[in-house]
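Down below is the structure, laid out as structure tokens.
The values are calculated or read from the model by the stated rules, or taken from the named source; none is laboratory data. Remember, predicted model here, so these are calculated numbers, not experimental data. With ligands, DNA and RNA removed, areas are computed over all heavy atoms of the protein, side chains included. Shrake-Rupley method; radii C 1.70, N 1.55, O 1.52, S 1.80 Å.
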Amino acid sequence: MRKAFAFFMIILLSVTAVLAASPFVERAPNPDVVKLEMSIKILRVFREIGLTKEQAAKLYEGLEDIRGTIEELMEKRVNFLEEFKRALIDGDREQIERINARLKELEKNFVKIRESVELLFKENITVAQAEKLEKILQREFNERLQRMGVRPEVLKEKIEHFRKTPEELMDRIPEAMKQRLRNMSPEERAEAIKNMEARFKEAKANLKQQLPEIRKRAFERIGRFIFSPIFLDTLREYAGIE
């Protein structure tokens, strides 16, 4: 289940990154032009992955239902926060604890929404279509590198080269650091390696602890895009819904 979740989160983030980063935006101050160009870019992606009208209709209807639920929950959150603010001003501890508990319960509902969005896409987008989205992201990434003057194929070759011959990386280490490594005794070198491994394990553990928050922020980013008027309107038009 976690693997499936991670896979579709990556896909949704991919399409969000690709569609949200329009190269036309900086050159088009007219809001109407920006919206039209964004809509066209979304439609091109729909066409490229082979999204059917039926799939688009189900996605639109599902997202609209979820959007209604989100609006209800957001209204509740605003009310709870206003009550929480008043309770803090009044110093009402009992009220503070009560509202805090209700806010935590409300957060569980937002988690359920995330799961419902995930399920909606899993049920209406095939794995083959998801894989096409990944390729679109890779293509977009390569195009950005090229615009920065970086050739993706050269970068890939260098990474692969140093992976096969890691000793060549020593040539790129600053001379002062090289000298320090040379001057280390075998025991000191072993201790340095041990410390590096410990730091790596600590960083890995910290990342694991941060995953829930990372996923939450990722979903918020996805949500801002797929529930935006430009995406929903384009999806509705593509599905042929009046």
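For Arg221, the accessible area of its heavy atoms, probed at 1.4 Å with every protein chain present, is near 110 square angstrom. Among Thr52, Thr234, the sequence by solvent-accessible area, most first, with a 1.4 Å probe is Thr52, Thr234.
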